[in-house]
Amino acid sequence: MAELFSLLAFGPDGWGDELMAGAWLTIRLALVTLPFGLMLGLAIALMKEADHRYIRAVGNVYTIVFRGLPELLTLFVIYNMVQLMANRLVQMVAPDSSFEISGFAAGVVALGVVFGAFSSEVFLGAIRAIPKGQTEAGRSLGLSPWKTFRLVRLPQLWRLALPGLGNLWLVLLKDTSLVSVIALNDLLRQTQVAVGVTKEPFFFYLIACLIYLGFTLISSVGTNALERQANQGFATR
Amino acid sequence: MKRANTFAVAALTAIGLAGAAVTATADDVVRIGTEGAYPPFNFTDSDGNLVGFEIDLAKAICAEMDVTCEFVAQDWDGIIPALLASRYDAIMAGMSITAEREEVVDFTNKYFQTPARFIAQDGSGITDTSPEALEGKVIGTQSATIHANFLEDQYEDADIRLYPTQDDANLDLASGRLDLVLADSSILAEWMDTDDGSCCNFVGGDYTDPEYFGEGVGVALRENDDALREKFNAAIASLQANGTVDRIAGEWFSYLND
């Protein structure tokens, strides 16, 4: 047993520092993706509620496409195919040059695009749950449409969307494990590398499980705090 | 709508030119994709460095080609798509040359092959493994394999027994029912390191005839990247001629030294 734990040492002889580096990449990727995905999701949700029929159609098609595609495929498409097309385009102008989309950027875009598709439905549910009277009240108080949205609808919408978004956050955290196919060394990839070399699969997979569970625990503490904050001013029964 | 398109092209072009400024000077860098999780071919040590037979060989090849090597490690699943998308220029990841892969990538000549070899019990006195010398001997291998095909074609005068698994054949060799077993040498070397396999050892030489044993492991390149393929082939040929490939392989595949 002591022998197994020595495998987790930090420094040149152990895998502790590699696993931590992987865990850190997982966290960074998820945290950078989150704001991008949230804004995209809210924008798509508003598009789906728009008056103009074409804008609604764009929002709906977006959701259908990116909720429907397997995320692995979305990653491949953005990391490889967009890269390929960008290169073709660039090489028409300057034949000897090339254009690189970094793995991290491709990961953020792909995961964010998928997060946006799913969260737009959560936002849509929240938007529709806010009575129309709230908007009308805001407008009749003389608030501009933007201010009505920001001061009246958004805080209520946020409160209603939070539980659903908390779910999606956990899904996002685990989906980061897909990025190993685009040359990023996330937690799961580092675990697999360690397993390949040490031939100790159960031990390392168990450690990875515990790290992911740790993330989940911290996340639920965070979302609970956010929910408490958003519920201020609402009577508890 | 049309104006939007023009704008998008212009914007992409601008980004592209910015990128070009960075990469256009890097002409003599060859980027090599590998898996980093397939010891001893290529793997990652506990300090996070890529090591292994193919890493050392790639460095030797790049030195021979007079270019700088950069390594990219990524999962096996995306390794060919990323090559096609120019994420790197070559794959060295224990990738066997197969007809299916030949449809999407080009391969250099092989730089490595795990040869097929015979093993026998210690003290069997067998040293010559030619078909004539093995007349009447009992030889086992796994059925429906390249090794079974090879034995049935070339060793007609021997008594060939075919087993559903390689382990069954190995155990019958250990218990004395077989005189010899033929299989992939890396698999056999692994078995001979166990208690069951300690009875036995390699006899005779390597068998690598591509007609039976496939094409071996090569460097995968994008199709039509002929200039680079020629450079790789020339470097591999000269490293094979001066013994560098064998020396590096011997450092990583201990059974080759037996």
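With respect to chain A, whose longest principal axis is taken over its alpha-carbon atoms, helix A:201-230 is tilted by about 20°. Pairs of alpha carbons in chain B separated by more than 24 Å make up 57% of all such pairs. All other residues whose Cβ lies under 12 angstrom from that of B:Gly218 are scored, Lys and Arg at +1 and Asp and Glu at -1, for a net of -1. Ordering B:Ser238, B:Ser130, B:Ser185 from the fewest to the most neighbouring beta carbons within 10 Å gives B:Ser130, B:Ser238, B:Ser185. Dipole of chain A computed with +1 at Lys/Arg Cβ and -1 at Asp/Glu Cβ about the Cα centre; of A:Trp24, A:Ala126, A:Ala183, farthest Cα towards the positive end is A:Ala126. Each of the peptides B:79-86, A:127-134, B:36-43 was scored by the mean count of other Cβ atoms within 10 Å over its residues; in descending order, highest first, they stand as B:36-43, B:79-86, A:127-134.
Considering chain A at the alpha-carbon level, its Rg and Dmax are found to be 22.0, 72 Å. This ranking places A:Thr191, B:Thr165 by how few other beta-carbon atoms lie within 10 Å of each, fewest first, which gives B:Thr165, A:Thr191.
Counted over chain B, the DSSP beta bridges are approximately 60% antiparallel. Enumerate the residues in the stretch A:148-175 having an amide nitrogen under 16 Å from the point lying 7 Å beyond the Cα of A:Asn231 toward its Cβ. Within reach of a label on A:Asn231: A:156-167. Per residue of peptide A:90-96, the mean number of Cβ atoms on other chains within 10 Å of the residue Cβ is 5. When peptides A:218-231, B:212-225 are ranked by their average number of other Cβ atoms within 10 Å per residue, the highest-first order is B:212-225, A:218-231. Taking every C-alpha pair closer than 8 Å and separated by at least 6 residues, the mean separation divided by the residue count of the stretch A:168-237 gives a relative contact order of 23 percent. With q set to 0.08, 0.11 Å⁻¹, the log10 of I(q)/I(0) for the protein assembly as shown, from the Debye formula over equal scatterers at the Cα positions, is -0.69, -1.06. Binning the alpha carbon pair distances of the stretch B:173-258 at 5 angstrom intervals from zero yields the distribution 3, 10, 15, 19, 17, 13, 9, 6, 4, 3, 1, expressed in whole percent. Mean residue ellipticity, 222 nm, helices only, chain B: the sum of -39500 (n - 2.57) across DSSP H runs of n ≥ 4, divided by residue count and rounded to 500, is -11500 deg cm²/dmol. Ranking of A:Leu165, A:Leu170 by neighbouring Cβ atoms within 10 Å, starting from the fewest: A:Leu170, A:Leu165.
I need the helices of chain B that pass two filters: whole DSSP H segments spanning 24 Å or more by Cα along the axis, and mean Kyte-Doolittle score no lower than 0.0. Qualifying helices: B:2-23. Dipole magnitude for the protein assembly as shown: computed about the Cα centre from +1 point charges on Lys and Arg Cβ and -1 point charges on Asp and Glu Cβ, it is near 5480 debye.
Charged neighbours of B:Asp47, selected by a Cβ distance under 11 Å, balance to -4 (K, R count +1; D, E count -1). Our helix-only sum for chain A, with -39,500 (n - 2.57) per DSSP H run of n ≥ 4 divided by its residues, gives a mean residue ellipticity at 222 nm of -24500 deg cm²/dmol. Pairing the Cα long axis of helix A:154-175 with the longest principal axis of chain A, what angle in degrees results, from 0 to 90 and rounded to the nearest 10? So the helix axis and the longest Cα principal axis differ by about 20 degrees. For the stretch A:156-177 versus the stretch B:163-181, the inter-centroid distance based on Cα atoms is 57 Å.
Helix A:82-93 axis versus longest C-alpha principal axis of chain A: approximately 90°, rounded to the nearest ten. Relative intensity of the stretch B:45-173 on a log10 scale, I(q)/I(0) at q = 0.15, 0.19, 0.21 Å⁻¹, equals -0.89, -1.05, -1.19, per a Debye sum over C-alpha point scatterers of equal strength in the absence of solvent.
Label-to-label distance for A:Arg128 and A:Leu206 is 4.7 nm, based on points extended 7 Å past Cα in the beta-carbon direction.
Every number in this text was worked out from the coordinates using simple rules, so none of it is lab data. Bear in mind the structure is a predicted one, so any value in this text is a computation, not a measurement. A quick note on method: Cβ atoms are made from the backbone with ideal geometry, for glycine too, and the neighbour counts reach across all protein chains shown.
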